[in-house]
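Enquirer: Sharing a structure below in C-alpha cells format, with a few things to ask.
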Amino acid sequence: MSTAAPSPSPPSDPDPQLPEAFHYTPDEEKYVLQADALRHRQLRSAMLYGSSRYWRRRQRVWPAVIGGLILIALVCGVIALIGAFGRQQELNEERGIGQFRQPPPQSSIVEAPLSPNPT
C-alpha cells in the first residue's frame with residue numbers, strides 16, 4: 001500500500017500584513033512545476049513563431065524588407081544621378097562647351113559730350 005506523506009498543515013493565523021499571494025498554498029510544488037512548464041512552452045512557441053501574440057496572424061516581413069531595399073536603392077540612384085549631372089554641367093561650363101552659353105553682353109553706353117551748359 002502506498003502511503004501519502006501528510007502535507008504540512010497551514011498556520012492557524014496567517015499574517016494579515018502579507019498579500020494573499022504569499023499565504024500558504026497546498027501542493028505548491030505542483031503549481032511551481034506547472035508554471036515552469038508553461039513558461040517553457042511559451043518560450044518555445046516564441047522561438048518558433050516569433051514574438052507575435054497571435055501566431056496565425058503573423059505578418060510577412062520579407063516583402064516589406066525587400067521593398068524597402070529597392071526604395072533605398074532607387075533614392076540613392078536618383079541622388080547620384082543628380083550629382084553627376086550637376087558635375088557634368090560644371091565641367092561643360094569650364095570647358096566652354098555649354099549649349100546654353102550666352103555671348104558676353106556688348107556695352108551699349110553712348111558717350112555724351114561733357115559740356116557744362118546743355119542747350
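The values are calculated or read from the model by the stated rules, or taken from the named source; none is laboratory data. Just so it is clear, the structure is predicted and the values come from calculations on it, not from any experiment. Neighbour counts are summed over all protein chains in view; Cβ atoms, including those assigned to glycine, are modelled from backbone coordinates with ideal geometry.
Enquirer: Would you point out the residue of the stretch 52-70, among those that are within 29 Å of residue 41 (Cα to Cα) and surrounded by 10 or more Cβ atoms within 10 Å (Cβ to Cβ), that is modelled with the lowest pLDDT?
Expert: Step one: filter the stretch 52-70 for residues within 29 Å of residue 41 (Cα to Cα), giving 52-62.
So of that shortlist, the ones also surrounded by 10 or more Cβ atoms within 10 Å (Cβ to Cβ) come out as 52, 55, 58.
Working: 52: 61, 55: 55, 58: 60.
Residue satisfying both the conditions and the ranking: 55.
Enquirer: Another question, if that's okay. Got at least one residue in the stretch 9-32 being surrounded by 10 or more Cβ atoms within 10 Å (Cβ to Cβ) and modelled with pLDDT under 65?
Expert: Checking the stretch 9-32: at least one residue is surrounded by 10 or more Cβ atoms within 10 Å (Cβ to Cβ) and modelled with pLDDT under 65.
Enquirer: So, in the stretch 24-51, how many residues would count as being part of a loop (DSSP other than H, G, I, E, B) and without any contact (Cβ under 8 Å) to a residue 12 or more places away in the chain? Break it down into steps so the answer makes sense when it comes.
Expert: Of all residues in the stretch 24-51, those part of a loop (DSSP other than H, G, I, E, B) come to 24-27, 50-51.
Next, only the ones that are without any contact (Cβ under 8 Å) to a residue 12 or more places away in the chain stay: 25, 50-51.
Qualifying residue count for the region: 3.
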